[in-house]
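Asker: Got a structure for you, written out below as structure tokens; questions coming shortly.
The values are calculated or read from the model by the stated rules, or taken from the named source; none is laboratory data. Note that this is a predicted model, so its numbers are computed, not measured. Quick reminder, even Gly has a Cβ in these numbers, built from the backbone with ideal geometry, and neighbours come from all protein chains shown. With ligands, DNA and RNA removed, areas are computed over all heavy atoms of the protein, side chains included. Shrake-Rupley method; radii C 1.70, N 1.55, O 1.52, S 1.80 Å.
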Amino acid sequence: QRQMCIRDSAHVAINGTFFDGKNRPLGLLISEGVTRSELRTADWGVLTVDDKGTAALVHTRDFRASDTIDFAVQCGPRVVIDGTPPGLKQQVARRTGLCIQGPQQVALFVVGAPVEANTLAAWLAQPEPDGGLGCRDAVLLDGGPSSQLDAREGTEHPSIPGGWGVPNAVGVITRDGG
């Protein structure tokens, strides 16, 4: 993802979706309104951001394609649904994900040390004043050795290195006009 930060002048980039042995994304991936990978039948979530900057996260079965979708990523599991963590299978791993804090506020997160999924979900849903991230909805992206982050802001370049390179990433860029 460091190459993506440089190539696309991203402020921050994290690893993206699961991928197959040929480095093709598994699941829906839309970037700048262009579908890069098709929707997959899976018990996952689809996070979308429309052309007005409004974010939503729905179960795969509830996703509806639209010409107004600017960005979408399908992955899973969903770890916060309407402010509540669902019961998750107990697993410990490094984690990467996306969290909707408000209609036009999406947080990217990477946990560089192994964390149990239910513990992470509880923290994500916990309100910010109580020390959590205050996620209304959240989904995990590819984790484990794929979990990585690269940030480029001014002269600072914080990073969380992954165990290997990844074929796609989620990045935050400045668009024309803001």
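Asker: Mind checking which residues of the range 55-70 are open to solvent by less than 50 Å² (accessible area, probe 1.4 Å), more than 13 Å from CYS99 (Cα to Cα) and not polar (S, T, N, Q)?
Answerer: Residues of the range 55-70 open to solvent by less than 50 Å² (accessible area, probe 1.4 Å): 55-60, 63, 69-70.
So of that shortlist, the ones also more than 13 Å from CYS99 (Cα to Cα) come out as 59-60, 63, 69-70.
Listed by number, the residues that qualify are HIS59, PHE63, ILE69, ASP70.
Residue by residue, here is whether (1) farther than 22 Å from ASP43 by Cβ; (2) charged (D, E, K, R); (3) open to solvent by less than 10 Å² (accessible area, probe 1.4 Å) holds:
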residue: ALA93; (1), (2), (3): no, no, no
residue: GLY97; (1), (2), (3): no, no, yes
residue: GLN104; (1), (2), (3): yes, no, no
residue: GLY112; (1), (2), (3): yes, no, no
residue: VAL115; (1), (2), (3): no, no, no
residue: ASN118; (1), (2), (3): no, no, no
residue: ALA125; (1), (2), (3): no, no, no
residue: GLY131; (1), (2), (3): yes, no, no
residue: GLY134; (1), (2), (3): yes, no, no
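Asker: If you don't mind, there's one more thing I want to ask. Does ASP150 satisfy the criteria of being farther than 24 Å from GLY83 by Cα, open to solvent by less than 60 Å² (accessible area, probe 1.4 Å), among the acidic types (Asp, Glu) and in contact (Cβ under 8 Å) with a residue 40 or more places away in the chain? Explain how you work it out, then say what you get.
Answerer: On the way: farther than 24 Å from GLY83 by Cα: yes; open to solvent by less than 60 Å² (accessible area, probe 1.4 Å): yes; among the acidic types (Asp, Glu): yes; in contact (Cβ under 8 Å) with a residue 40 or more places away in the chain: yes.
Taking the combined requirement at face value, the residue satisfies it.
Asker: Mind checking whether some residue in the range 158-167 is buried (at least 20 other Cβ atoms within 10 Å of the Cβ), assigned to a strand (DSSP E or B) and touching a residue at least 60 places away in the same chain (Cβ under 8 Å)?
Answerer: no
Asker: State whether one or more residues within the range 32-39 are over 17 Å from CYS99 (Cβ atoms) and surrounded by 18 or more Cβ atoms within 10 Å (Cβ to Cβ).
Answerer: The initial filter retains those residues of the range 32-39 that are over 17 Å from CYS99 (Cβ atoms), namely 32-39.
Adding the requirement that they be surrounded by 18 or more Cβ atoms within 10 Å (Cβ to Cβ) leaves 37.
Yes: one or more hits.
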